[in-house]
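This report concerns only the one structure given below.
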Amino acid sequence: IYLLCSGTRIKTRKRNIAAPLDPSAFADAVVQIYLDNAGDLELVARSIESSDLNFSRYGDTFFEVVFAGGRTQPGTLKPDEGECHPYSIIECEATRDAILLSVIYIQKILRRRPFLIKNLENVMRRLLQSLELFEENERKKLAIFTALAFSQKLSGLPPETVFQPLLKDNLVAKGLVLSFMTDFFKDYLVDNSLDDLISLLKRGKIEDDLLQFFPSTKRSAEGFSEHFTKAGLVPLVEYNEKKIFEVKLKEMKSALTTQIVEESDMSEVIETVKQRVKDAKLPDIEVIRILWDVIMDAVQWSGKNQQQNANSALRQVKTWAKLLNSFCTSGNIELELIYKVQMQCYEDAKLMKLFPEIVRSLYDQDVLAEDTILHWFRKGTNLKGRYAF
């Protein structure tokens, strides 16, 4: 009273007074909307849009009701005390048509309340990390929902948020992740191309090593091919084989480049190539292409001195002719080598005049046979620079 009478102002510290948390009441209210509309998701969406429920506070709870039919107990999928409804994603039929209705319904909710996308991420992450708590049929429904969510571009749902939680060691070891991803791949590819799927996996940061979904005992290229061929996903198998091939190709180029730059012993280089060709099962024609590229990439080119460039290129050809000769084991491979030389000389101005000299050098070093050169002259099919050369 004294302070008030004397005119002294008292500065009080502001406090954030939070409303009491009551997720149970919120969950019951949402469940009641489902029950009042007998699970008609079109009507449920309208009722939710017109409601004054606090979605910003209870977004996670809302999606628990959507997926499980009611609020779930922490760390489980069991309903907490309170109301439940039988129209959840987990309870619906395990068909694309039935689950698509839920995807469209969620899309409508997110358009009105886009901030809820974070809550959807939270709940999906929690569900996917708990796959062992679901029955097989329920896991299939989650896989179908996830595939349809990405097919429908569900309000920017980030693939990384969905896929990364699956990589828990215990889930992978039990084969649950592989089963889930197999169902996901099959359903996603119904509406989308393989390129779409690969793009999605890249954004999810899992495209580089799809074997990580396999239990360790089955984690091999052969296991991958066998599993997904049996599942009817041959295009995915072909894509993975191509990717493995490209990785091995890159590794071989890298190792070979190091040896050639360091001018390693010829026999050592030849043995390295043979071993990598055997491991990667590389076609002979692909090998000769790689060898030529790596040999020429290692040339120390001069800036503008054409004669120095010519001398450097011819010296490199002569130095590594024995390496080329070791893998030119047929007329077809020799012809492919001529085509490689032809293409490089046609596309690289500093080598344009060197084509006949390189071919002559390869002939002198017994890399190219006379019959092969004459065949190229009479019937060669690569037209780039052919008539000039």
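The values are calculated or read from the model by the stated rules, or taken from the named source; none is laboratory data. What you are looking at is a predicted structure, and each value in this text was computed from that prediction instead of being measured. Methodologically, a virtual Cβ is constructed for each residue, glycine included, from the backbone with ideal geometry; neighbour enumeration extends over all protein chains shown. Each accessible area value is taken on the protein alone, full model and side chains, heavy atoms only, with ligands, DNA and RNA left out. Shrake-Rupley method; radii C 1.70, N 1.55, O 1.52, S 1.80 Å.
Summary of values
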| item | result |
| --- | --- |
| Charged-residue dipole, Cβ positions (Lys, Arg, Asp, Glu), region 23-219 about Cα centre, Debye nearest 20 | 580 debye |
| Portion, in percent, of the accessible area of region 241-388 that falls on carbon or sulfur, probe 1.4 Å | 48 percent |
| In degrees, nearest ten, helix 355-364 long axis to first principal axis of the chain (Cα) | 70 degrees |
| Simple Cβ-charge dipole of the chain, Lys/Arg +1 and Asp/Glu -1, about Cα centre, in debye nearest 20 | 1540 debye |
| Solvent-accessible ranking of Tyr87, Tyr105, largest area first, probe 1.4 Å | Tyr87, Tyr105 |
| In degrees, nearest ten, helix 96-112 long axis to first principal axis of the chain (Cα) | 70 degrees |
| For Phe55, net neighbour charge (Lys/Arg +1, Asp/Glu -1) across residues whose Cβ lies under 11 Å away | 0 |
| Förster radius 35 Å - calculated FRET efficiency between Ser193 and Lys250 (Cβ-Cβ, nearest 0.05) | 0.85 |
| Dipole axis of region 241-388 (+1 Lys, Arg; -1 Asp, Glu on Cβ), positive-most option in Ile290, Tyr339, Asn325 | Tyr339 |
| Ranking by accessible area, most exposed first, for His85, His227 with a 1.4 Å probe | His227, His85 |
| Cα-projected label distance for Ser330 with Arg111, points at 7 Å along beta-carbon direction, nm | 6.0 nm |
| Accessible surface of region 23-219 [probe 1.4 Å, protein heavy atoms]: carbon and sulfur percent | 46 percent |
| Angle between the chain longest axis and helix 221-230 axis [Cα atoms, degrees, rounded to 10] | 60 degrees |
| Leu374 paired with Glu263, simple spin-label distance in nm, labels 7 Å along Cα-to-beta-carbon | 3.9 nm |
| Point-charge dipole on Cβ atoms (K/R +1, D/E -1) for region 241-388, about Cα centre, debye to 20 | 500 debye |
| Calculated FRET efficiency for the pair Glu238/Ser24, C-beta based, R₀ 51 Å, to 0.05 | 0.50 |
| FRET efficiency for Thr319 and Arg219, using Cβ-Cβ distance with R0 set to 41 Å, rounded to 0.05 | 0.45 |
| Unsatisfied cross-links (Cα-Cα over 18 Å) in the set Lys202/Lys242; Lys242/Lys278; Lys248/Lys340; Lys242/Lys340; Lys218/Lys248 | Lys248/Lys340; Lys242/Lys340; Lys218/Lys248 |
| Å² per residue, accessible surface of region 241-388 at 1.4 Å | 58 Å² |
